[in-house]
Amino acid sequence: MGLSKSSIGSLLALALVLIGIPVAVILYEAHRTGQSPIDYIKRMVSKHYSQHVETASSPRVAGTHTDEKIPFPDKKSVGDPVGESKPWITHLAIADLNQDGLKDVVACDAKLNRICWIRQDASGEFREIQVGDEVRGPAHVSPCDIDRDGDLDLLVAKMGMIFPNNDRIGAVVILENDGSENFTNRTLVDNVARVTDVRCGDLDGDGDLDLAVGQFGYDDGEIRWMENKGDWVFDSHLLLKLSGTIHTPVADMDGDGDLDIVALVSQEWEEIYMFENDGKGRFKTRLIYGSTNEDFGSSGISLADLDMDGDPDILYTNGDAFDYIPPGPRPWHGVQWLENKGKGSFEYHRIGDFPGAYAANAADVDGDGDLDVVAVSCFNDWDKADAQSMIWFENDGHMGFVPHGLASDPTHLLVLDSDDMNDDGRPDLVTGGFYAYPPYDRMGRITLWKNTSQEDPQRPVPLSKDPDAPSPQTEERK
């Protein structure tokens, strides 16, 4: 018995729907991520069938020998003490805020809802003062002379609440410096998805400074750039609408003379995007990295010319564990870098494993002329006395990295910056602690670590591989 014409028509219509919807989704997602449809399909197939794996050559970091010589033995707390409140330092940056020739530290204290200026009054002497009025849930602070009046203002990303929340409680806040060390809060945009990063740069080539803004949100985050129209008026331009954005640094990534935006998007995406600028504020979206592991735990990126070939590379940590109960390390946590190969192309390299890795910074720690990598952990196994909160990956001069333990006290280190704090020619470190879960026996709010590496040429003994760790494998790109 044959099919009627109406039945055939219905079947054809159903087939068109079943084929058309997936094709439409593929075309949309390919356009959104800046890929061809074929590349998008390959990435999805890889993501579905690939298991997350790690670099076979990257040693797993274990404990530190107690007699080991390390380049940062001189640590001291700077600013206010820990006190009765468990610190939540969500970001810090080294800068000479009052331009007196001495490096200071600015920090986000999300427990006290304020921006702190830890001012260096004389070499090695620090005192802390609050900058501006209260900012609820500050996540990131960037020094920048946004109004071009000759002094440093502070760009603040306001989350409103640090822990998961889908309310539109975020804001972009400027702490405007009047040149006499008085700061006034200016809110440029308010009642938006929780803001996690604000960076400045002349993105449209008109001579003033614009903003690149990351909004984590929870279900409805986004990335935007804010065009400076003058007189504290900024127009917003949407670049990407995805939840989970953490960082949005700005640099000329493709060497064409204008500033591009790089963005790390976490949550289930675990992706890094580059928004390629045409020089006039028109951006092309490029997906430059995506983990095959939806639980990768992306925690931060920073830009540095790690291989010293003249272009900025991307230093990348994955060690977030806020979603776990209790929070703790995972075997795939660690540090990697994306080598800038030019023309928007990047190559993934694993630097090494580090449980709970949350932030990394490139600096020539040992003074041998190449850039090493220092990283901190917020989610190591703190019940173990030798669990490392800070390690140094020593560059062997050929882009091979050997890990050395630097510290196991204080624990729960979330943020890190490096600079020469005492004008001795060596990069020092400043770290901040975030204590949202126990144990609380080794707390430190903001800590300065003096570099003595060139005073004592004896190098640390490389950390041995943890014999109880699972065998490492190979991380794959999408």
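If you go through region 278-292 one residue at a time, how many are touching a residue at least 40 places away in the same chain (Cβ under 8 Å) and out of contact with any helix residue (DSSP H, G or I) (no Cβ under 9 Å at 6 or more places or on another chain)?
Pass one, region 278-292, residues touching a residue at least 40 places away in the same chain (Cβ under 8 Å): 279-281, 283-292.
Among the residues that remain, those that are also out of contact with any helix residue (DSSP H, G or I) (no Cβ under 9 Å at 6 or more places or on another chain) are: 279-281, 283-284, 288-289.
Within region 278-292, residues that are touching a residue at least 40 places away in the same chain (Cβ under 8 Å) and out of contact with any helix residue (DSSP H, G or I) (no Cβ under 9 Å at 6 or more places or on another chain) number 7.
Yes or no: residue 242 in contact (Cβ under 8 Å) with a residue 60 or more places away in the chain, part of a loop (DSSP other than H, G, I, E, B) and of a type in the set (A, V, I, L, M, F, W, C)? No: the conditions fail for residue 242.
Of the numbered criteria (1) touching a strand residue (DSSP E or B) at 6+ places or on another chain (Cβ under 7 Å); (2) in a loop (DSSP other than H, G, I, E, B); (3) open to solvent by 30 Å² or more (accessible area, probe 1.4 Å); (4) under 30 Å from residue 379 (Cα atoms), the one residue 254 fails is (4).
Would you pick out the residues in region 212-233 that are in contact with a strand residue (DSSP E or B) (Cβ under 7 Å, 6 or more places away or on another chain), open to solvent by 30 Å² or more (accessible area, probe 1.4 Å) and not acidic (Asp, Glu)?
Initially, region 212-233 is screened for residues in contact with a strand residue (DSSP E or B) (Cβ under 7 Å, 6 or more places away or on another chain), giving 212-216, 221-229, 232.
After this cut, where a residue has to be open to solvent by 30 Å² or more (accessible area, probe 1.4 Å) as well, the list is 216, 227, 229, 232.
Result: 216, 229, 232.
Entry remark, region 257-277: residues being closer than 18 Å to residue 311 by Cα and open to solvent by 10 Å² or more (accessible area, probe 1.4 Å) number 4 in total. Each residue in region 296-342 was checked for being in contact (Cβ under 8 Å) with a residue 60 or more places away in the chain and either of a type outside the set (A, V, I, L, M, F, W, C) or more than 17 Å from residue 216 (Cα to Cα) (or both), and 19 of them qualify. Screening residue 379 against (1) of a type in the set (Phe, Trp, Tyr); (2) under 29 Å from residue 254 (Cβ atoms); (3) surrounded by 21 or more Cβ atoms within 10 Å (Cβ to Cβ) leaves a single unmet condition, (2).
The number of residues in region 382-401 that are under 21 Å from residue 303 (Cα atoms) and open to solvent by 10 Å² or more (accessible area, probe 1.4 Å) comes to 7.
Conditions tested, residue by residue: (1) closer than 25 Å to residue 186 by Cα; (2) not charged (D, E, K, R).
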| residue | (1), (2) |
| --- | --- |
| 224 | yes, no |
| 227 | yes, no |
| 233 | yes, yes |
| 254 | no, no |
| 257 | no, yes |
| 300 | no, yes |
| 306 | no, yes |
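From the list 323, 366, 353, 307, the lone residue that is in contact with a strand residue (DSSP E or B) (Cβ under 7 Å, 6 or more places away or on another chain), open to solvent by 10 Å² or more (accessible area, probe 1.4 Å), farther than 28 Å from residue 254 by Cβ and acidic (Asp, Glu) is 366.
What's the total number of residues in region 139-172 that are in a strand (DSSP E or B) and either in contact (Cβ under 8 Å) with a residue 40 or more places away in the chain or open to solvent by 50 Å² or more (accessible area, probe 1.4 Å) (or both)? Outline the logic, then answer.
Kept after step one, since they are in a strand (DSSP E or B), are these residues of region 139-172: 139-144, 153-158, 170-172.
Remaining after also requiring either in contact (Cβ under 8 Å) with a residue 40 or more places away in the chain or open to solvent by 50 Å² or more (accessible area, probe 1.4 Å) (or both): 139-144, 154-157, 170, 172.
Here the count works out to 12.
With respect to the conditions (1) open to solvent by less than 50 Å² (accessible area, probe 1.4 Å); (2) under 18 Å from the mean Cα position of the chain (by Cα), residue 281 falls short on a single one, namely (2).
Inclusion of residue 355 among residues that are closer than 22 Å to residue 433 by Cβ and touching a residue at least 24 places away in the same chain (Cβ under 8 Å) is warranted.
What strands (runs of 3 or more DSSP E), lying completely within region 88-138, carry at least 2 residues that are acidic (Asp, Glu) and either farther than 16 Å from residue 175 by Cα or open to solvent by less than 20 Å² (accessible area, probe 1.4 Å) (or both)? Even if it seems obvious, please write down each step before you answer.
Working: elements: 89-95, 104-109, 114-122, 125-131.
So the answer is 104-109, 125-131.
The values are calculated or read from the model by the stated rules, or taken from the named source; none is laboratory data. Remember, it's a predicted structure, so these values are computed and weren't measured experimentally. When we count neighbours, we look across all protein chains shown, and the Cβ atoms used for this are built from the backbone with ideal geometry, even at glycine. For the accessible areas, the whole protein counts, side chains as well, though only heavy atoms, and no ligand, DNA or RNA atoms are used. Shrake-Rupley method; radii C 1.70, N 1.55, O 1.52, S 1.80 Å.
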